[in-house]
Amino acid sequence: MRPLAITARLMGAISMPDRPLAIDALLAYAVVLCDHIVPASTPDEVVPIEIPIEREPGGRFHLCSHAIYTVEATETRWQNRRPVIPEAQAMGRSIKRIQISAGLSKGYRIPYEAIHVEGDELRWWAIGDRAEIEDLLGLIGHLGKKRAAGLGRVAEWLVEPCEPWGEGFPVVLDGQPLRPLPRDWPGLAEDVAVERCTITYPYPRSLNRELFDCAIPWGLR
C-alpha cells in the first residue's frame, strides 16, 4: 500500500447532484461487477466487500478522499419523454383511452444540472495498491448520474504514486475533511461542518443502518 493520486479524465459534462463521488464506493461497485455479486436493495442483502485501499486503524472506513474538483460551468439540461399518443393511434380501436398525466403513458420534461469541471478532471487521494486499483477502475466507464444520457463518460483513468502532504493524508487537508470522518479525527479544524451520516459504503442510508456524527467535506453541506 502506498500514497496514490487517482484521476478520472472526463469527456465532457457530469451530473453529481448528491455528493462528491467516493472512490471507495466506485471500487466496491467494480468488485460487485467483477465478482458477479447481486446488488443489494435492503441492508440485509448487503455483503462485505473489500477493496485494495488501506483501512483506518479502527477499520471503520478506508483511507481515501471523496472527489476533489473545481466547477468551471453549469448548465440546465432536460430529461424528456413524450406521451405515446402516436403509438396509441396506430393501434386503432384496440385502445380507446390513454392517460397522459400519470402512469406508463405520462409525458414529462424534467430539468437537471450538468456541470463542467476544471480541466475535465476529478481527483482522489488514497493509500492503496496501484495495480489492483487500476484493474478495478478499468471496469468503470461513466461516473455520476444521467450516465445513459452520455454524461460522466471517462476518457482515461490515471493511478499514480504521489508524495503525501504530511499529517492527515489522504483524508484531512488544512484542517478540512476530504471525506466523512469521525468528529474526533486528528487534525480537524474546530469549525468543520458536522452531520449525522454514513461513514463508508454503501453510502445510501437505505442500505446502511449505521449513522455517525461526522465531519463532512464542503460538497456534502
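The values are calculated or read from the model by the stated rules, or taken from the named source; none is laboratory data. Just so you know, these numbers come straight off a predicted model, no measurement behind them. FYI the Cβ positions are ideal-geometry reconstructions off the backbone, even for glycines, and counts take in every protein chain you see.
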* To do: Taking Glu121 as meeting all but one of (1) at pLDDT below 65; (2) surrounded by 16 or more Cβ atoms within 10 Å (Cβ to Cβ), write down the number of the exception.
  => (1)
* To do: Report, ordered by the first and then the second residue, all pairs with beta carbons closer than 8 Å, sequence separation of six or more or different chains, a first member in segment 194-217 that is closer than 20 Å to Ile51 by Cα, and a second member that is modelled with pLDDT of 85 or more and among the small types (Gly, Ala, Ser).
  => Tyr201/Ala22; Tyr201/Ala25; Tyr201/Ala28; Pro202/Ala25; Pro202/Ala28; Tyr203/Ala22; Tyr203/Ala25
* Within segment 199-215, how many residues are polar (S, T, N, Q), modelled with pLDDT under 85 and part of a loop (DSSP other than H, G, I, E, B)? -> 1
* Asked: Can you tell which of Leu188, Leu151, Leu139 is surrounded by 14 or more Cβ atoms within 10 Å (Cβ to Cβ), touching a Pro at 6+ places or on another chain (Cβ under 9 Å) and assigned by TED's automatic domain parsing to the domain that holds Tyr29?
  -> Leu188
* Structure fact -> Over segment 35-53, the set of residues more than 17 Å from Leu137 (Cβ to Cβ) and part of a loop (DSSP other than H, G, I, E, B) is His36, Ile37, Val38, Pro39, Ala40, Ser41, Thr42, Val46, Val47, Pro48
* To do: Test Glu54 against the criterion of being of a type outside the set (Gly, Ala, Ser) and either within 26 Å of Thr76 (Cα to Cα) or surrounded by fewer than 13 Cβ atoms within 10 Å (Cβ to Cβ) (or both), and give yes or no.
  => no
* **Any hit, segment 96-110, residues being modelled with pLDDT of 90 or more, surrounded by 15 or more Cβ atoms within 10 Å (Cβ to Cβ) and polar (S, T, N, Q)** => no
* **Unmet criterion (only one of (1) in a loop (DSSP other than H, G, I, E, B); (2) at pLDDT below 85; (3) of a type in the set (Lys, Arg)) for Arg77** => (1)
